[in-house]
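These notes are about the structure you will find just below.
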Amino acid sequence: MKAIRQQAADILRANDRGGFTIPAAGLYPYQWLWDSCFCALGWATFDEKRAWEELSWLFKGQWPDGMLAHIIFHHPDPSYFPGPEVWATHHDPPTSGITQPPVVATIVRQLLERACDRTLAQDHARQLYPKLLAFHRWLHGARDPEHSGLVAVLHPWETGMDNSPAWDTALEQVPIVQLPPYQRKDTSHVAETQRPRPKDYDRYLSLVVGYRERGYEPEALYRETSFKVADVGFCALLQRADEDLLALAQMFGEPSAEIEGWLDRGRKGFRKLWDDHSGIYRSLNLSTGEPIPVITSASFLPLFAGLPSAEEAQRLVEYLGHWGDEVRYLVPSTDPADPHFEPERYWRGPVWVQVNWLIAQGLKRYGYAALAGRLREDIFELVEGSGFHEYYHPVTGEGLGGRAFSWTAALLLAWPGEG
Ligand code: GLC
């Protein structure tokens, strides 16, 4: 066990670029929003100062309107596409123009609760609080202007589950614009069978070009986009982060009514995502009003936010149990019984460490400690057997995607203490 923890710490150190951690050398050479949050938890197990530094660097990517960008291009690196020149956001430092799952308030609260150096933690958390609040205000304002309780994502990359089959139908509605010839870099680092397909990539870029042409102006994007989805994963993580933000507000004696309002609204919005017939949550295509038929690992994330009733949680656990009959390792990113399930391709089947960590905490919240333990054991077995990969084959356990991957290493460090 010691050896593997040592290896994990070495990976974080090797991926440290002096204040921020890259997800993986070559494949992802910049700072990513939700990756960095998980990295901070890992750093905190042996260097709390460095953990807080990670978050300070993240907020260098916050826009004046509160948005936190999904990639911050601190130093130019030609090994990644689409880089800063494609996004052309004019922020300093250069950033992408979209966001990613909002776990940062949750991570700040966890860092604070786990801190040995209480003074350091209090100082940093207090200083970050107004920035966290601005980010949440932006999410609830720019992405839910109608106050429906469901916050929209406008690009599959915002979900963090980039090429999930859940986005296929919505993505097909995105017109492919005239793109200058471009060369992907991801497929030079990782086998094509493990990465998104070319037609998806054209649409990802078409969305970026459309947003760039609108100067990333939130109202125009929300109104005119051809891709608008209420992602059950993103919304659940925001709901949980709102809870954590509320706890921080109370700790610091800050006003809390606005946050309580978001939480209330979120609980109501979520009723629209619950499919009582199947006993599962589904994302919603906001452009068409249609529920999305493909079930993915994101459907279990509402547990992390305390959203389901006890009875609904029981049904989710049963659903997950069926997946466990189909694959050796939980939690596959797509329902293994779905025709879209591809056990090797990125978000279309493989197991991801951070998703297991989030779902396991959700299960514990509802008293399913044994199943939470199983999710953790599966991850440890995968990492011990195959190394610190980006994702894993849910049947064979083969390590896939990037290697020496930061969030895999970070969560290996941050998880054992919780049991
Ligand atoms: C991929 C993943 C995304 C992650 C990024 C960096 O784009 O889909 O969730 O943040 O890689 O690891």
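Structure summary
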item	result
Selection within segment 136-156 - out of contact with any Ser or Thr (no Cβ under 8 Å at 6 or more places or on another chain), crowded, with 19+ Cβ neighbours inside 10 Å and on the phi < 0 side of the Ramachandran plot	136, 138, 140, 142, 143, 144, 150, 151, 152, 155
Residues located in segment 329-360, provided they are touching an Asp or Glu at 6+ places or on another chain (Cβ under 8 Å) and either of a type in the set (Ser, Thr, Tyr) or more than 16 Å from the ligand (Cβ to nearest atom) (or both)	329, 330, 334, 336, 337, 340, 341, 346
Elements of type helices (runs of 4 or more DSSP H) in segment 29-114, at least 3 residues being surrounded by 18 or more Cβ atoms within 10 Å (Cβ to Cβ) and touching a residue at least 60 places away in the same chain (Cβ under 8 Å)	33-44, 48-58, 104-114
Segment 384-419: number of residues that are of a type in the set (Val, Ile, Thr) and either part of a loop (DSSP other than H, G, I, E, B) or more than 16 Å from the ligand (Cβ to nearest atom) (or both)	2
Near pairs, Cβ below 7 angstrom, 6+ apart or cross-chain, from segment 146-170 (closer than 24 Å to residue 212 by Cβ) to any residue that is of a type in the set (Val, Ile, Thr) and more than 16 Å from the ligand (Cβ to nearest atom)	154/225
Any pair with Cβ under 7 angstrom, 6 or more apart, that starts in segment 181-198 at a residue that is within 19 Å of residue 403 (Cβ to Cβ) and in contact (Cβ under 8 Å) with a residue 60 or more places away in the chain and ends at one that is assigned to a helix (DSSP H, G or I) and of a type in the set (D, E, K, R)	195/186
Which listed residue, of 4, 11, is of a type in the set (Val, Ile, Thr) and either in a strand (DSSP E or B) or touching a Phe, Trp or Tyr at 6+ places or on another chain (Cβ under 6 Å) (or both)	11
Residue 96 vs. criteria within 22 Å of the chain's Cα centre (by Cα), within 15 Å of the ligand (Cβ to nearest atom) and among the polar types (S, T, N, Q)	yes
The listed residue being at pLDDT 95 or above and part of a loop (DSSP other than H, G, I, E, B), out of 133, 150	150
Test: residue in segment 315-331 that is farther than 23 Å from residue 276 by Cα, in a helix (DSSP H, G or I) and touching a strand residue (DSSP E or B) at 6+ places or on another chain (Cβ under 6 Å)	no
Any hit, segment 102-124, residues being on the phi > 0 side of the Ramachandran plot and under 22 Å from the mean Cα position of the chain (by Cα)	no
Filter pass, residue 321 being more than 26 Å from residue 35 (Cβ to Cβ), touching a Leu at 6+ places or on another chain (Cβ under 9 Å), modelled with pLDDT of 95 or more and of a type in the set (Gly, Ala, Ser)	yes
Among residues of segment 157-187, those that are crowded, with 20+ Cβ neighbours inside 10 Å, more than 16 Å from the ligand (Cβ to nearest atom) and farther than 19 Å from residue 86 by Cα, counted	1
Test: residue 346 is surrounded by 22 or more Cβ atoms within 10 Å (Cβ to Cβ), on the phi > 0 side of the Ramachandran plot and in contact (Cβ under 8 Å) with a residue 12 or more places away in the chain	yes
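Here's the yes/no breakdown for (1) hydrophobic (A, V, I, L, M, F, W, C); (2) buried (at least 24 other Cβ atoms within 10 Å of the Cβ); (3) under 21 Å from residue 108 (Cβ atoms):
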| residue | (1), (2), (3) |
| --- | --- |
| 230 | yes, yes, no |
| 243 | no, no, yes |
| 253 | no, no, yes |
| 270 | yes, no, no |
| 276 | no, no, no |
| 280 | yes, no, no |
| 288 | no, no, no |
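Let's see how each residue does on (1) in contact (Cβ under 8 Å) with a residue 24 or more places away in the chain; (2) out of contact with any Asp or Glu (no Cβ under 8 Å at 6 or more places or on another chain); (3) β-branched (Val, Ile, Thr); (4) crowded, with 23+ Cβ neighbours inside 10 Å:
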| position | (1), (2), (3), (4) |
| --- | --- |
| 367 | no, yes, no, no |
| 371 | yes, yes, no, no |
| 374 | yes, yes, no, no |
| 377 | no, yes, no, no |
| 382 | yes, yes, no, yes |
| 386 | no, no, no, no |
| 390 | yes, yes, no, yes |
| 395 | yes, yes, yes, no |
| 405 | yes, no, no, yes |
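Results for (1) away from the ligand (no atom under 16 Å from the Cβ); (2) within 21 Å of residue 131 (Cβ to Cβ); (3) over 21 Å from the mean Cα position of the chain (by Cα); (4) among the acidic types (Asp, Glu), shown as yes or no for each residue.
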{"residue": "22", "(1), (2), (3), (4)": "no, no, no, no"}
{"residue": "39", "(1), (2), (3), (4)": "no, yes, no, no"}
{"residue": "43", "(1), (2), (3), (4)": "yes, yes, no, no"}
{"residue": "49", "(1), (2), (3), (4)": "yes, yes, yes, no"}
{"residue": "53", "(1), (2), (3), (4)": "yes, yes, no, yes"}
{"residue": "58", "(1), (2), (3), (4)": "no, yes, no, no"}
{"residue": "74", "(1), (2), (3), (4)": "no, yes, no, no"}
{"residue": "91", "(1), (2), (3), (4)": "yes, yes, yes, no"}
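The values are calculated or read from the model by the stated rules, or taken from the named source; none is laboratory data. As the structure is a prediction and not an experimental result, all values here were calculated from the model. All Cβ positions, glycine included, derive from the backbone under ideal geometry; neighbour counts span all protein chains shown.
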